[in-house]
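These notes concern the structure reproduced below.
Rule-based calculations on the coordinates, nothing more; no lab input. Just so it is clear, the structure is predicted and the values come from calculations on it, not from any experiment. Virtual Cβ from ideal backbone geometry, glycine too; neighbours counted across all protein chains shown.
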Amino acid sequence: MTVKERFEDAKVRYAELGVDVDKALEALSNIKLSMHCWQGDDVIGFDQKGPLTGGIQTTGNYPYKATTPEELMADMDKTFSFVPGKHKINLHASYAIFEDGEWADRDALEPKHFKRWAEYAKERGLGVDFNPTYFSHPKSEVATLSSADEEIRQFWIRHGQACIRISEYFAEQTGQTCMMNIWIPDGLKDVPGDRKAPRARLKDSLDQILSIDYDKSKVAIAVESKVFGIGEESYTVGSHEFYMNYAAKNDVMCLIDTGHFHPTENVADKLSSMLLFNDKMALHVSRPVRWDSDHVVIFNDDARDLAQEIVRNGADRFYIGMDYFDASINRISAWTNGMRNFLKALMYAELQPMDKLTRLQNECNFTELMSLQEQLKVMPFGDVWDYYCESKGVALEKDWFADCMEYEKEVLSKRV
C-alpha cells in the first residue's frame, strides 16, 4: 500500500472513534517548536573562549560538532529539512556573531551582533526566541543576578536589558513574537547560611531588567526555575516557588523545563493548574534521566502526557522550546529525533477523541475510559505520521536517517 492508501485506511479507523484526522493535522501544522541552537555545538557559543560553566555539562566526544556560525547554520538547515512544518530557532546571547574583529561583552550586546541570525530566520520564514546567557563567563563564576557584588550584579542586569532590546529586534525582523527566557545558575553546593538575601537581590535585579520600556506584543518574557545544578545541589536562588510567584505578580510567564523538577514529579500535571491563573506559559522540553541530564526527547509516556496537556489546554497558549544536548551521538540525528518525536507526541494528542474521554470521566465510567485509552495506543498512528511528513515534503520515518548519515559522510567528516 502507498503512504496515501495507508493514511486513508487510518482515517476510517480514527473516524470510528470520533476523530477527524484532517482537522487534527491542520491543528498540528499551526504548532511551532523552537529549535535550540546549542545542540549543534555542545552549548559552546561564539563569544567566549572558556569552558562551559553554570551547572551545565555535555557528555560524549562524538566528532564533527559545529565550530563556526556557518557550520551551525548549515547543520540547522539539514535538521529542518527532516522536520515537518515551519518552526522557530532558539538562540542564546552567547551565539552573537562578531564581524571584522569586533567583540562586545554581554552587557554591551546590540541587535547588530545578531543581524546574521535575523537574516537566517527571515530567509527561511522562521521565528526567533532568545535567551540571555548567564553562564560560561568570568563574571558568572560565583553568582549573577543574585550576586552580593553590586558591580557584578549590575553587569548582569545590563545584560538582561540588552537582551530585551535584541528580542524586540528579532520580533520586528521576523514579524513573530520573540519569547525571551531568563534562567540563572545561581546557587550553592552546600547548606546556605542565608536563603532570603540572594532571592531578594534576584527579585530586585529582575525588577530593574523589566523596568525598561519594551513592546510586550513583540517580546514575551519568561522566567525559568530549577531544582538543582552541578555544584548547586543544596540551594538554587531561582526556585520554582520564587519564579511562579514572581511571574504571577509581574505579568510575565513562568517557564517549565521538564528536566528541572524532582524525578517523581509529573510535570504534565502542572500545566492545567498554571493556566487557570495565566493566559500563556512557556516550556522547555527535555528528557531527564534520574537528573536534569537533557537527554534527547523520545516518544515516551512523559512526552505524550506533556503533549496531551498542551493540546487539551490549547496549544496556542504555549511557547514550546526544545532543550536537550547530547555530545555522544551525531548531533543532527539528536536534533531531528527530538524535534520529530515531540511533534509525534503532539500528533498523538491531536488524534485523541477528547470529547469522548472527557464525557466518560464525567460519567465516572472509568472502565470504558481505561479501555479506550489503551485502544488508542495501538491505532495506526504511524500511517498518519508518514502521510503528514510526506505532505510537508520531508522524509518518512524509515528514510531520514540514511540521509543524515550521508550528510555526515559528505559534509561533517570533512571538518577539521
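Taking the chain as a Gaussian network, Cα atoms linked when under 10 Å apart, which of 130, 401, 325 shows the biggest mean-square fluctuation?
401
Choose one answer from 172, 390, 265: the residue with the largest mean-square fluctuation in a GNM of the chain with alpha-carbon springs under 10 Å.
Ranking 172, 390, 265 by mean-square fluctuation puts 265 first.
Given a cut-off of under 8 Å on Cα pairs at least six residues apart, what relative contact order in percent is computed for the chain?
20 percent
Taking the DSSP beta bridges in the stretch 31-353 as the whole, what percent of them are antiparallel, to the nearest 5?
About 15 percent, rounded to the nearest 5.
Each label point is 7 Å from the Cα along the Cα-to-Cβ direction; what then is the distance between the points at residue 359 and residue 108, in nm?
Reported label-point gap for residue 359 and residue 108 is 6.6 nm.
So how far apart, in nm, are the two label points at residue 215 and residue 276 if each is 7 Å from Cα heading toward Cβ?
3.6 nm
Which distance in nm do the two modelled labels at residue 403 and residue 15 give, with both placed 7 Å along the Cα-to-Cβ direction?
Distance between the two pseudo-spin positions: 3.1 nm.
If neighbour count is taken as other Cβ atoms inside 10 Å, put 277, 299, 135, 170 in order from fewest to most.
277, 299, 135, 170
Between residue 410 and residue 317, what is the FRET efficiency for a Förster distance of 56 Å, r being their Cβ-Cβ separation, to the nearest 0.05?
Efficiency at R0 = 56 Å is approximately 0.85.
Give the Debye-formula value of log10 I(q)/I(0) at each listed q (0.12 Å⁻¹), with one equal scatterer per alpha carbon of the stretch 31-353, two decimals each.
One equal scatterer on each Cα of the stretch 31-353 leads to -0.78.
Taking a spot 7 Å from the Cα of residue 265 along the direction of its beta carbon, which residues of the stretch 220-253 have an amide N less than 16 Å from it?
Once the point is set 7 Å along Cα→Cβ of residue 265, 223-230, 233-248 turn out to lie under 16 Å by backbone N, inside the stretch 220-253.
Efficiency by 1/(1 + (r/R0)^6): what FRET value for residue 251 and residue 197, r their Cβ-Cβ distance, R0 = 22 Å, to the nearest 0.05?
For residue 251 and residue 197, the calculated efficiency is 0.30.
Could you tell me the calculated FRET efficiency between residue 396 and residue 367, based on Cβ-Cβ distance and R0 = 41 angstrom, to the nearest 0.05?
0.65
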